[in-house]
Structures are given as C-alpha cells and as structure tokens.
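The values are calculated or read from the model by the stated rules, or taken from the named source; none is laboratory data. Just so it is clear, the structure is predicted and the values come from calculations on it, not from any experiment. Using ideal geometry, Cβ is built from the backbone for each residue, glycine included, and neighbour counts are taken over all protein chains shown. Only protein heavy atoms, including side chains, enter the accessible area calculation; ligands, DNA and RNA are left aside. Shrake-Rupley method; radii C 1.70, N 1.55, O 1.52, S 1.80 Å.
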There are 2 protein chains.
Amino acid sequence: MALIVQKFGGTSVGSVERIQQVADKIKKFRERGDDIVVVVSAMSGETNRLIDLAKQITDGRPVPRELDVMVSTGEQVTIALLAMALIKRDVPAISYTGSQVRILTDSSHTKARILQIDDQRLRADLKAGRVVVVAGFQGVDEQGNITTLGRGGSDTTAVALAAALKADECQIYTDVDGVYTTDPRVVSRARRLEKITFEEMLEMASLGSKVLQIRSVEFAGKYNVPLRVLHSFKEGPGTLITIDDEEESMEQPIISGIAFNRDESKLTIRGVPDTPGVAFKILGPISAANIEVDMIVQNVAHDNTTDFTFTVNQVDYDNALRILEKTASEIGARVVHGDPSIAKVSIVGVGMRSHAGVASRMFEALAKEGINIQMISTSEIKVSVVIEEKYLELAVRALHTAFELDAPVSQEKN
Amino acid sequence: MALIVQKFGGTSVGSVERIQQVADKIKKFRERGDDIVVVVSAMSGETNRLIDLAKQITDGRPVPRELDVMVSTGEQVTIALLAMALIKRDVPAISYTGSQVRILTDSSHTKARILQIDDQRLRADLKAGRVVVVAGFQGVDEQGNITTLGRGGSDTTAVALAAALKADECQIYTDVDGVYTTDPRVVSRARRLEKITFEEMLEMASLGSKVLQIRSVEFAGKYNVPLRVLHSFKEGPGTLITIDDEEESMEQPIISGIAFNRDESKLTIRGVPDTPGVAFKILGPISAANIEVDMIVQNVAHDNTTDFTFTVNQVDYDNALRILEKTASEIGARVVHGDPSIAKVSIVGVGMRSHAGVASRMFEALAKEGINIQMISTSEIKVSVVIEEKYLELAVRALHTAFELDAPVSQEKN
C-alpha cells in the first residue's frame, strides 16, 4: 500500500463535470488500496476573476495581505467541492485549507515560502481511511494571517506535503501526458520521456518547457520526492522525475531534451574598460529596474577593453537599452547595440557530464544547416546558443535528430 | 469616542461600486473619531451561486461540513475587498475571517451557534487605530472546522461582536430606512419608528417584518446591545431597538406596530375526546413531519369533546391535512377540516401591558369593517387574529388608523 500525493491543477478541476471525473479517478486509486492526499488549485479562471475584483477596488494596487485573504478562497471552494464529490461516491474524504493543515509559511504575502507542515492531522485522517483534500497555493504565517505561495504554488504545496508525509510518489496531473524531448508542436517526432532527473527537469523548465513550476522541482529534488507528470484524463505512465541513478545512467542517452525560448532579446556594450567591478556597474542598474537577466557572456579582453553581452525578456528590451546607454556614457564604453528579437536553443542532459564532444556535435549540426551562432553559454548539463529567431524551428529539429531523440516514424505525433 | 459595530448586508456590498460607497461611509465615521468594527455578508448572489455549485456536485445533498468550507468563502472575499477599499482611502484597516477572530461556535454545520468570541486581537487592532473588518455568518469549532451560522447569520455575528466588545451601538445597514409601524406597501401612511423595544421587535420580526434576523434581536436583548436599523445609502437616524425604558414608556403609544402574515393556512379537528394528552397526540405527528405550527387554539370542552385548531405555513397544508385525518381516526375525533389560505394580523406593543381594553378596541375596529374573526391568540405584548385572506389589507389599514399610527398626511409615503 503506497502513500501518494496527487495534484490537480485549475483546468483539471475547471468545471463540475471535471471535478466529478477527478473524483472517479481518485476512487479507483483508493480501491487499489493506496492512501491518497489530493492537492487542488482554484477552478480555472477563478483566481483571475478575484484578482480583477481586487484591482477594480484599488485602481490596480491591492494590499498584499488582503489580496491573499481573497485569492485563497479560490482553492477553498475547490477542496469542498471535491470532498463532496468523493463522499457522494462513498469515499470518506475531508477538506483542509492551508491554515487548517497547517502549512506554516513566512509572511511574504503573495509569494510566501513554506517553513513547516504539521502532518499529524493528515496522518490521523489517512489512518481513519479518509482521502485528504488540501488547498494548494496557500498557507498561514505565525500570526495566523493567510498567505499565498504565488502563481503555480499548488505544485509546491503538493511536493511539500509529499516530503512531510514521506510519500512514495507525488503525482502532478496536467493537460499533457508527460515531459517531452522537445515541444511536439515544433518537432512532430518528439518523444515522451519515461524518466528525467531533477536537474534536467530544472534546466528544461527554466528554458521554457512549462510543465512544472521550477520551485516545486527544486523542492522535490532537495527532499528527494519522486515526482510524476501525468495527464488528468488520459491513461498512461507519464514521466517520472527522480534523482540521477548512476547505474542506469550508462544506458541513458547523452541528451534528454531540447529546450528553447523565443521571448528573448540581446544587448551588447562594446569597448568596456576592462577594470574590476565593471560587470556590476553594467548589470546593477538593470536589476535595480527589476529586469531579469538570463544569459551573460563576456569574452577575454584585448586592448584593455572588452565586450559584454546579455539577454533579457523581449518586453524589457526598450527599458534595458535606455539604462545601458546611460551606463555606457558613465563608464566610458564605446557603443551599445542590441537585437530586440533573438531565440535561445539549449540541449539538456546529465549524460553530457561523462561524454566529451557534446558541444561540438551541437555546433556541427547547426553549421550543417547554415545557422550562425551569436552567443554560447554552458553549464554542467546544458549548452545554450543564441541564434537568429527565424532559424529557431530548424535548429530544434536538427538538434533533435542529431542527438537521436526522434521517435520511430510509426510513433509520430500529429 | 464611541465604539460602534456596523453590519452591511449582501445588497449593500453587492458590487465594487457599492463597496466603495460603504468605504466612504466608514471613513466619515472614523473622521468623527469613532472606533469601528465592520461585519459584512457575501456579495449578493454569491452564497446562492456557491450553494448551486455544491448541489450540482452532489445531486442536491452536499455534506454540511464541506458546504460550510465553501459557502464561507463568500464573506471572505468581501472582507478583503472592503479592507482594500479602506486602505486605499488611507483608513488603516484589517480583515478577519470567523476562524481568525476567533468566533468559536458549536459544531452544528450550516446552523452553528456562537459560544465565545476572543476580543483580544480586535481590541489590539482598534487600539492601533485600525478599522476591523470581520466576515459575518461564520465561525470555527473547537477542532478548527469552519462553521456557518445559517442564513441571515451576519446580523448575529454583528450583535455577538458588539456584546463581546461592549460596543456603544450595533448598527445594521439594510435597504430600508428603519422599522415601520406596518408595511408601507399596504398602508401608505405607515410611519418609521424612532424606537422600539427588543420584545416588540421580536414579535414584529416573527410575524413577518423581515428587517432583522430574529436570532440577532434575541441575542441583542439578552446582552442589552442597542441595535439600530439604518439605510445603507440614505442619511437618517433609522430605528433604535433597545430595552423597555420604564420612564419613557408613559409617553409611548400603546401599540407600536401592526404585523401580518399571508402565508398561513388553518386546520381544525372537531369532536376531540377531552382527555389528558390529546393535544400531544394531535401535534406530535405534525412536528415529527417537520411541520412548524404557529398559532394553536383550543377552547373549553362541552359534552366531553373539544375543537382544536392550529395554523401552519401554506406549503405544509396538504401534508398536515393528511396527517391530521389519520390522527382523527386514531383518537376518535369527529371531523377534520381546514382552510388552505388565511391571513393573520397582529397588533404589537409593550404599551398594552399597562392599558386595558386594547384587544376589544382591535375587535371593534375589525367589526366596523365587517371583518369576521376566525381565531384569536394573545401574548403579553401582542394580540393576533386570523381572518379571511381577502380582508388582509383592509384590516391592517383599519387597525393602523384605530391605534393612531397614521403619519400626518403631509408625511405620506408613496
């Protein structure tokens, strides 16, 4: 008998019919003899409806404490509906809000972090044969104020509960049937991965495969909670996200997947005097303006000056360019220029740790297609390149084939 | 500096615009220097929307515990919105759910009773200059389960908070500008009462003047909390509901108001053997069927039999008749008959305690209009009669004039 934490997102519980389907699914698990804790999000659209109300009342600037009081009602409705649906199916069930569990967080309203979970109440209910339905995305601080974990926080709630209860598996039900080698809309022969490591998943997620919230993957990795991504309403094993199992990794492919991001822009400042602290002088004003910087590349200096390039989200491009021009005149740099629209493509895989030549194989594949590489950045399990945006699909497909990720033709997806 | 508890119902907070108006109003009170605790209901329509969702999920039979988890979100949204609106007006404010306050109740889900209120947190906030916004209608039991007080329970929350805080006044804001001598839709010269006693208000409320929830008036009387009914968006003193002040009562009119109810029906069982326990034999099966009995009249026996008459709500008439016919054959009564549609009219006033002849003055006024009285029932501060339904308006107008309740013609209402 296993203890499983299951998380159903807003689309999976987006209507009365869907909640009934989720209840049917949970009943099947119970009948197999598993202990089940279910974490649910607000019905899709509800959180936005509540935030809109708050914005109307406050001309767009709601107080975070009160926003949390309000937004947390979205999940509170879903837990009650799902518990009712289970009880109607003769599955004993009970619902808990974040405060009731209690999921203790810090007091950073709208982006709180979980500090501790009291598992006593949950264990007593599981022992009594109940399915426990817990509101995702929310908690309570030391003073009893309601907090929320920020968007996508329901995944984090599920992983944190699984860690606290030492659950056998944490299952995240979504609208995709697993994690793919790359986006199937771009590469028709993309394959579902049976298994992927936490590290790979983190690289894939942060690079644009929006299946799981990054924080929840970090959390799962830290506490070694086996995570599984599955489709809410289709049968199938999904993708298991777990630790890097050394023995198995011999057989693993070098590369697990190809991630990409088309929302980036690139800024370069040339002729920067090569003195200590110059990187901070350039990036300090950018981050002070709340602009998130992704890739940063600085090459070795010559003639005592260097070139400094970084990428930011396209929406921040104009703002970043203005700041950078001001900085350039202050530090005596020669010229600033940029490209508001570039694409980043990355190959990700723990296998590259033990295989040399992975990067050059990537560059070769791109060269064959005549794609020029503008920037390169590497980490232990990832190589990212920046290319002209129009070559994005071509690059992803070429790399998918070059690293032998293509599904056999018979399994081709539409 | 007074401490005032104010309650705004669902219509008063039914839209973003209305909540802004309520916030403006509260800001004015604060500027006058009063300490304010505000109790709010769910936005109008919200509670019904939630109950409908619960019924859809469960084919009409939601589990009470889970229904409370769900329905309590309605007020939780309103407290946050109102607190935001106040803070936006530079009025320091903080919201609390029933659990947070904490309003301790028993565990009777959907109809819980308040056991105790912890006033420490509220007092600390008031001392810090904050307006405290509390969710009406809800509480928490000893085990931390969310409870609700049943429909209209927000009035009760307001009175209970006023009692716990020893507030100077509990103000109930509604869509009427006070308590009237009778329904102005029936009598155009009905007058707003400056003042009415708790006892009178209870008789008026239970007889059909649906301004306040009965429980909240009982509660206010028990703890001697001065209650005031006011219009949410019109200026005016409203009606003060308070204890019977002996010194002033000399000047009070004998009768405060005329209440009526047109939803009643009447059942009579004739030739009942006049033996001990027969009343229970007749009414036991009726109340076992969850039918509420209003008036009961039994006259002295002659020939060792008696007639027994009672009234029930019109929706229960058919069911009650069937039960009564069964009872009649069991106890050897002669005949059962009834009238599915009658009206009850009552005169209410603490003044009748010290004035003889009030009842006969009532009967005289009705006789003058040729209205036949079918049943009479009296209490210390009330005389009720049952008449044919078609005479209802005529009877109310005649009594309103006879007891000198009519407003001067110049003040006539439309």
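Numbers at a glance
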{"read-out": "Estimated vicinal HN-Hα couplings, Hz - the stretch A:130-146 in sequence order (Karplus 6.51, -1.76, 1.60; Gly, Pro = x)", "value": "8, 7, 9, 10, 10, 5, x, 6, 9, x, 8, 8, 4, 8, x, 6, 6"}
{"read-out": "Probe 1.4 Å, all protein chains present, accessible-area order of A:ASP90, B:ASP244, largest first", "value": "A:ASP90, B:ASP244"}
{"read-out": "Of all accessible heavy-atom area on the stretch A:3-175, the percent that carbon and sulfur account for (1.4 Å)", "value": "46 percent"}
{"read-out": "Chain B, closest residue to the rotation axis toward A, by beta-carbon, whole angstrom", "value": "B:THR73, 2"}
{"read-out": "Pseudo-label separations to other copies for A:THR110 - Cα-to-Cβ vector, 7 Å, nm", "value": "3.8"}
{"read-out": "Cα-based convex hull volume of the stretch B:287-337 per residue, rounded to whole Å³", "value": "85 Å³"}
{"read-out": "Radius ratio Rg over Rh of the protein assembly as shown, counting only Cα atoms, Kirkwood formula for Rh", "value": "1.12"}
{"read-out": "Solvent-accessible heavy-atom area per residue, rounded to whole Å², over the stretch B:69-139 at 1.4 Å", "value": "33 Å²"}
{"read-out": "Karplus-derived 3J(HN,Hα), 6.51/-1.76/1.60, for each residue of the stretch A:41-49, Hz, glycine and proline x", "value": "8, 6, 4, 4, x, 5, 4, 5, 4"}
{"read-out": "Separation of alpha-carbon centers, the stretch A:132-168 and the stretch B:69-140, rounded to whole Å", "value": "23 Å"}
{"read-out": "For chain A: relative contact order, % (alpha-carbon pairs under 8 angstrom, 6 or more apart)", "value": "14 percent"}
{"read-out": "Magnitude of the charge dipole, the stretch B:3-175, Cβ model with Lys/Arg +1 and Asp/Glu -1, debye to 20", "value": "260 debye"}
{"read-out": "Longest DSSP-loop-exposure-free segment, chymotrypsin sites (Phe, Trp or Tyr not before Pro), chain B, at most 16 other Cβ within 10 Å", "value": "B:1-222"}
{"read-out": "Accessible area (Å², 1.4 Å probe, nearest 10) - A:HIS302", "value": "130 Å²"}
{"read-out": "Among A:GLY14, A:GLY139, A:GLY284: highest mean-square fluctuation, GNM of chain A, C-alpha pairs under 10 Å", "value": "A:GLY284"}
{"read-out": "DSSP bridge orientation in chain B - percent antiparallel, rounded to nearest 5", "value": "60 percent"}
{"read-out": "Sparse-neighbour loop sites [trypsin sites (Lys or Arg not before Pro); the stretch A:136-207; at most 16 other C-beta within 10 Å; DSSP]", "value": "A:ARG151, A:LYS166, A:ARG185"}
{"read-out": "Approximate shape of the stretch A:361-414 as ellipsoid semi-axes (Cα gyration tensor, √5λ), whole Å, largest first", "value": "22, 14, 10"}
{"read-out": "Derived scalar couplings ³J(HN,Hα) [the stretch B:352-357; Karplus, 6.51 cos²θ - 1.76 cosθ + 1.60; whole Hz; x for Gly, Pro]", "value": "5, 4, 9, 10, 7, x"}
{"read-out": "Built amide H within the under 5 Å cut-off of A:THR147, gap 5+", "value": "A:GLY139, A:VAL140, A:ASP141"}
{"read-out": "Max mean-square fluctuation residue, GNM over chain B, Cα-Cα springs under 10 Å, options B:LYS27, B:LYS390, B:LYS368", "value": "B:LYS368"}
{"read-out": "Residue-averaged beta-carbon neighbours from other chains (10 angstrom radius) around A:300-308", "value": "0"}
{"read-out": "Cα convex hull of the stretch B:1-55, projected area averaged across orientations, nm²", "value": "3.9 nm²"}
{"read-out": "For q = 0.18 Å⁻¹, Debye-computed log10 I/I(0) when each Cα of the stretch A:3-175 counts as one equal scatterer", "value": "-1.07"}
{"read-out": "Solvent-accessible area buried by B and A, counting both chains, probe 1.4 angstrom, square angstrom", "value": "3300 Å²"}
{"read-out": "Heavy-atom accessible area per residue - the stretch A:317-414, 1.4 Å, Å²", "value": "51 Å²"}
{"read-out": "Copy-to-copy label separations for B:ILE243, where each label sits 7 Å from Cα toward Cβ, in nm and ascending", "value": "7.2"}
{"read-out": "log₁₀ of I(q)/I(0) at q = 0.11 Å⁻¹ - the stretch A:257-403, Debye sum with one point per alpha carbon", "value": "-0.46"}
